[in-house]
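A quick write-up on the structure given underneath.
The values are calculated or read from the model by the stated rules, or taken from the named source; none is laboratory data. Just so it is clear, the model here is predicted, and its values are computed rather than measured. Counting neighbours? That spans all protein chains shown, and the Cβs are built from the backbone with ideal geometry, glycine included. Please note that ligands, DNA and RNA were not included when accessible areas were found on the heavy atoms of the full protein model with its side chains. Shrake-Rupley method; radii C 1.70, N 1.55, O 1.52, S 1.80 Å.
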Amino acid sequence: MPDKLNLAVLISGGGSNLQALIDACAAPDFPARIQLVISNRPDAYGIERAKIANIDTKIIDHNKYTKRIEFEKRVQNALSNYPIDLICLAGFMRILTADFINHWPKKIINTHPALLPKFGGKGMYGEHVHRAVLEAGETESGASIHYVIPEVDQGPVISQAKVPVLAADTINTLSTRVIEQEHKLYPEAVKKIASERRP
Ligand code: GAR
């Protein structure tokens, strides 16, 4: 098989989407491998998941840097030690600067727990998204995998999956239904990108 796509996965928390990527990469014919997992939170459980899978990890605690650019410099340094083709944001709860993003044109993707362009943008992350969907009385929600551009959550959508919003839904039940879709969608999106990048 042609060369695999080399991934870096950036996380902040539980890392269930990271796990979905780890599991997909375990299949010999999956066209990508994870080279590095970076967390901005020292206590992110996703770091344990990466260690169990024998993947290199790096913790870069954003609280140690007063300027966003200093934090990002550390992230760039860590990435520069690996041949990274694609950066996957998987529950990474930091907004990246335009400088950082422009350094990786069309090479950063993200998973978002709603049907973008709805319910995206600054402040729309994790449970805030599901709360907003419920409060708006939506009858469907879903997950979006998209390219990252400097405008938060506005980059081109790669793929989406829809789920119904039920009358009895809570943030918990809705987020569980959505994240199940993310776990399928994210590896599929990586596969799609790998196939497009092949000569
Ligand atoms: C996922 O639902 C992801 O879409 C969301 O955080 C969760 C992370 O879960 N990301 C955002 O809201 C970013 N705007 P995980 O750590 O178990 O993968």
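For the subset of region 131-156 comprising residues that are assigned to a strand (DSSP E or B) and of a type outside the set (A, V, I, L, M), which member is nearest to the ligand (Cβ to nearest atom)? Step through it out loud before you land on a result.
Of all residues in region 131-156, those assigned to a strand (DSSP E or B) come to 140-147.
With the extra rule that they be of a type outside the set (A, V, I, L, M), the set shrinks to 140-142, 144, 146-147.
Details: E140: 16, S141: 11, G142: 11, S144: 9, H146: 10, Y147: 14 Å.
It comes out as S144.
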Can you go through L115, L96, L79 and tell me which one is at pLDDT 95 or above and closer than 15 Å to P156 by Cβ? L115
Counted residues in region 157-168 being away from the ligand (no atom under 14 Å from the Cβ) and either in a strand (DSSP E or B) or open to solvent by 70 Å² or more (accessible area, probe 1.4 Å) (or both) come to 5
Could you check L134 against (1) touching a helix residue (DSSP H, G or I) at 6+ places or on another chain (Cβ under 7 Å); (2) buried (at least 22 other Cβ atoms within 10 Å of the Cβ) and say which number it fails? (2)
Region 41-130: helices (runs of 4 or more DSSP H) wholly inside it with 3 or more residues that are of a type in the set (V, I, T) and touching a strand residue (DSSP E or B) at 6+ places or on another chain (Cβ under 9 Å) are none
Can you give me the number of residues within region 112-131 that are open to solvent by 20 Å² or more (accessible area, probe 1.4 Å) and of a type in the set (A, V, I, L, M)? 2
For region 79-99, which positions are open to solvent by less than 10 Å² (accessible area, probe 1.4 Å) and more than 16 Å from the ligand (Cβ to nearest atom)? L79, L86
E180 passes all but one of the listed conditions (1) open to solvent by 20 Å² or more (accessible area, probe 1.4 Å); (2) under 15 Å from the mean Cα position of the chain (by Cα); (3) over 19 Å from G14 (Cβ atoms); the exception is number (3)
Kindly evaluate I193 against the criterion of being open to solvent by less than 60 Å² (accessible area, probe 1.4 Å), away from the ligand (no atom under 12 Å from the Cβ) and over 14 Å from the mean Cα position of the chain (by Cα). yes
